[in-house]
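Mind looking over this structure? Questions follow.
The values are calculated or read from the model by the stated rules, or taken from the named source; none is laboratory data. Just so it is clear, the model here is predicted, and its values are computed rather than measured. Note that we place each Cβ from the backbone using ideal geometry, even for glycine, and neighbour counts take in every protein chain shown.
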Amino acid sequence: MTMVGTTPPPRLPIRDKVARHRTGGVSPMLTRLAAEHATGVLVRASGTLYLAEGRVVHAESPYAPGLDILLTAHGTLDARDWQDAVERADEPRGADRALLDGGRLAPGALELCHLSALYDAAYFALAPSSTPGRFRYGPTHWLGSVHPVPVGSVEQETLRRRALLHRIWPDPATDSAPLERLDTAAAPAVPPRQSAVLARVDGLRTATDIARDLGRPAFHTLVSIRRLAAAGLVAPRTRPPGAKGRPRPAHAAPAAPTGTEHPVPDDPGALGHPAADDPAALGHAAPVPPVGPAPADALTPRTPGGTLPGTSLGPGTLDHPDIALLKRVRDALEAL
């Protein structure tokens, strides 16, 4: 009897999740858009990223205060000047040029606040989600290209921020739920920055509400809230407002994300046939070196060489004639 052998089928390819952790692959769609130098708008469930020539020029999220709040909350820019610049913005000339050409804001001050708002909103926009993403080719944000940021830098900073929050306090419920104070007999003393956050915890406000009320970046507020939660001072509200008794903080571990990312095919400008996101890589990334704005509660002062640590602002950007205004902006941001 003759035995006829057959060639075994090839093994199916296995995605290297460890490699994705190292490279910071948050969104395959976003990585592909960067590779093709795309210009347009990437809309996701928790925010929007604006791209120009494959770089991120702006980001927005309902969970993060916008650039207008960061600029006007502490007197860096008058609210009327901001509104006037927005109304004067058009496609070839963004609102950034209206602010700078009119002398309302120094270039370094605008760039510093813009980078803070961009990384802040991108952190939420790139959160794992089960809702498909959609990209529309076309004009980008009306603000203009203040300081385009490589996609890789945005993804790495997003992963680093996730890892930082997890190290401080692993329960993500404090990021979105209404917060309430815990009754502690001997509450530890907290720094002024965290004290300002704690004073606004009333059982109704969320982290986003507190960030807008304080005029601070939302991620910096999350850092303060998770530190307060780790100290046993705040917790997600687990009872109706007005109920008596000591609330119990939630201690559930962060749930593994289950979302995938696909463009919506009913849009003529949408990309076709994207690869699905890897849920494991989205939710459990290893820390990477800091890129973009510093993750601490306040921005660090400028080094002797003129570079702000944790940002891409170099000496040439900050050596603007209106140095007095820049110093006031820096002092105001450090005091947040």
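Being part of a strand (DSSP E or B), closer than 14 Å to residue 134 by Cα and not polar (S, T, N, Q) is the filter here, so list the residues in the stretch 29-60 that pass it.
Filtering the stretch 29-60 down to residues part of a strand (DSSP E or B) leaves 40-44, 47-52, 55-60.
Now drop any that are not closer than 14 Å to residue 134 by Cα, which leaves 40-44, 47-51.
Result: 40, 41, 42, 43, 44, 47, 49, 50, 51.
Considering only the stretch 96-132, state which residues are under 17 Å from the mean Cα position of the chain (by Cα) and of a type in the set (Gly, Ala, Ser). Steps first, answer last, please.
Applying the first criterion (under 17 Å from the mean Cα position of the chain (by Cα)) to the stretch 96-132 yields 111-129.
Within the stretch 96-132, 116, 117, 121, 122, 125, 127, 129 qualify.
Then there's this: Take the residues of the stretch 88-131 that are acidic (Asp, Glu) and in a helix (DSSP H, G or I): which is surrounded by the most Cβ atoms within 10 Å (Cβ to Cβ)? Steps first, please.
Here is the first cut: in the stretch 88-131, the residues acidic (Asp, Glu) are 90-91, 96, 101, 111, 120.
If we keep only those that are in a helix (DSSP H, G or I) too, we end up with 96, 101, 111, 120.
Values: 96: 25, 101: 11, 111: 20, 120: 31.
Filtering the stretch 88-131 for residues that are acidic (Asp, Glu) and in a helix (DSSP H, G or I), the one surrounded by the most Cβ atoms within 10 Å (Cβ to Cβ) comes out as 120.
Another question about this same structure. Does the stretch 173-189 contain at least one residue that is hydroxyl-bearing (Ser, Thr, Tyr), within 22 Å of residue 73 (Cα to Cα) and outside the structural domain of residue 62 (by TED's automatic domain parsing)? First the steps, then the outcome.
Keep residues of the stretch 173-189 that are hydroxyl-bearing (Ser, Thr, Tyr), which gives 174, 176, 184.
Checking the rest, the ones that are also within 22 Å of residue 73 (Cα to Cα) come to none.
No, the stretch 173-189 has no match at all.
One residue is enough: does the stretch 213-222 have a residue meeting the conditions over 29 Å from residue 130 (Cβ atoms), crowded, with 18+ Cβ neighbours inside 10 Å and either under 20 Å from the mean Cα position of the chain (by Cα) or at pLDDT below 85 (or both)? Steps first, please.
First, pick out the residues of the stretch 213-222 that are over 29 Å from residue 130 (Cβ atoms): 213-216.
Now narrow it down to the ones that are crowded, with 18+ Cβ neighbours inside 10 Å: 214, 216.
Now restrict to residues that are either under 20 Å from the mean Cα position of the chain (by Cα) or at pLDDT below 85 (or both): 214, 216.
Yes - at least one qualifying residue is present in the stretch 213-222.
Run down 133, 144, 103 and say which single residue is at positive phi and touching a strand residue (DSSP E or B) at 6+ places or on another chain (Cβ under 9 Å).
On the way: 133 fails: at positive phi; 103 fails: touching a strand residue (DSSP E or B) at 6+ places or on another chain (Cβ under 9 Å).
From the options 133, 144, 103, the qualifying one is 144.
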